[in-house]
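What follows is one structure encoded as C-alpha cells, with my remarks underneath.
The values are calculated or read from the model by the stated rules, or taken from the named source; none is laboratory data. This is a predicted model, so every value here is computed, not measured. Please note: Cβ atoms are built from the backbone with ideal geometry, for glycine as well, and neighbour counts cover all protein chains shown.
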Amino acid sequence: MTQVNEFAIARQRMVRNQIENRDIQNPDILAAMCKIQRHLFVTPEFHKWAYHDRPLPIDKGQTISQPYMVALMTALLKLTPHSKVLEIGTGCGYQTAVLAEVAEEVYSVEILPELAKSAEARLKALNYQNIHLKQANGYFGWIEHAPYDGVVVTAAPKNIPHRLTQQLVEGGRMVIPVGSDTQELFVIQKCNGKVETTRIIGVSFVPMTGTP
C-alpha cells in the first residue's frame, strides 16, 4: 500500500471515529475533512500523527487544532454555501481550508509574518480561489470586508473582542475560545442588535497575541 493510500484511509477513519461518531453530522464538513490532507499542514516529522485526535505543533510555538475541534468550531458557525466568514489566526491554514470548502468566501488574518507567508504558499499550492489572507493583528478583525456571516477565532483572548462582534451581520455567529488559565469555547450571536453568549465546552488554545 502506498503512503498516499495510507493517508486516505487514515483520513476516512479520522472522520468516522473522531468526528461523525461525536455527533458532527454536517455532510459538507465531513466531506471537507475527508478531502483535505491534514498531513500537508504539518512538518514531515509529524505526518504519522496527522490523523490522530490531537493538536500538533507548527512553527512559532503555535498549534494545529485537533480534527474534532476544527469540525466542532466549523459546525457551530452554521455556515451555508453562500456564507462569508472571517478567521482570526490562519496558523498553518488547515482550518482555513476547511472553511473554504463549506463557505463561499473566507477572509483570514494572521499576526505572525512567517505563518502568514507559509500558509499563503500552502493554500495557493492547493488551488484555493476563495481564500483571502492578510498579515495583521486579528484582534481588530478585517473591517474592510465586514460584515461577516461567521467569525472563528483560533487563539484565546482573555476577553471577548467586541470589535469582532461588531463585524457580524445580524444573526451572525462567532465561535471563540476565551480565558487564560481556564478557557471556555463560546458561541456569540448577534440578535436584534444585541449579543447573546452561549458556553459550549472547556478548551485549551494558545493565547491570542496582539491583544491590548
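A few comments on the model shown:
- Here the helices (runs of 4 or more DSSP H) wholly within region 10-107 that include at least 2 residues being surrounded by fewer than 18 Cβ atoms within 10 Å (Cβ to Cβ) are 27-35.
- So LEU123, is it within 21 Å of LYS35 (Cβ to Cβ), without any contact (Cβ under 8 Å) to a residue 60 or more places away in the chain, assigned to a strand (DSSP E or B) and touching a helix residue (DSSP H, G or I) at 6+ places or on another chain (Cβ under 7 Å): no
- Residue in region 79-93 that is farther than 20 Å from GLN62 by Cβ and either in contact with a His (Cβ under 7 Å, 6 or more places away or on another chain) or among the polar types (S, T, N, Q) (or both) present: yes
- Answer from ALA146, ALA136, ALA155 - the residue that is within 24 Å of PRO212 (Cβ to Cβ), among the aliphatic types (A, V, I, L, M) and modelled with pLDDT under 95: ALA155
- Residues that are part of a strand (DSSP E or B) and touching a residue at least 40 places away in the same chain (Cβ under 8 Å) were ranked within region 153-173; the one that is nearest to the chain's Cα centre (by Cα) is VAL153.
- Failed item, numbered, when GLY141 is tested on (1) surrounded by 23 or more Cβ atoms within 10 Å (Cβ to Cβ); (2) under 20 Å from ILE64 (Cα atoms): (2)
- Taking first residues from region 59-88 that are over 17 Å from ALA31 (Cα atoms) and without any contact (Cβ under 8 Å) to a residue 40 or more places away in the chain and partners that are buried (at least 24 other Cβ atoms within 10 Å of the Cβ) and among the aromatic types (Phe, Trp, Tyr), the Cβ contacts under 7 Å between residues at least 6 apart in sequence or on separate chains come to ILE64/PHE41; ILE64/TYR94.
- Whichever residue in region 130-152 is aromatic (Phe, Trp, Tyr) and either in contact with a helix residue (DSSP H, G or I) (Cβ under 9 Å, 6 or more places away or on another chain) or in contact (Cβ under 8 Å) with a residue 60 or more places away in the chain (or both) and, among such residues, is nearest to ALA100 (Cα to Cα): TYR148
- Residue check, GLY202 surrounded by 11 or more Cβ atoms within 10 Å (Cβ to Cβ), out of contact with any helix residue (DSSP H, G or I) (no Cβ under 7 Å at 6 or more places or on another chain) and either assigned to a strand (DSSP E or B) or free of Cβ contacts under 8 Å to residues at least 12 places away in the same chain (or both): yes
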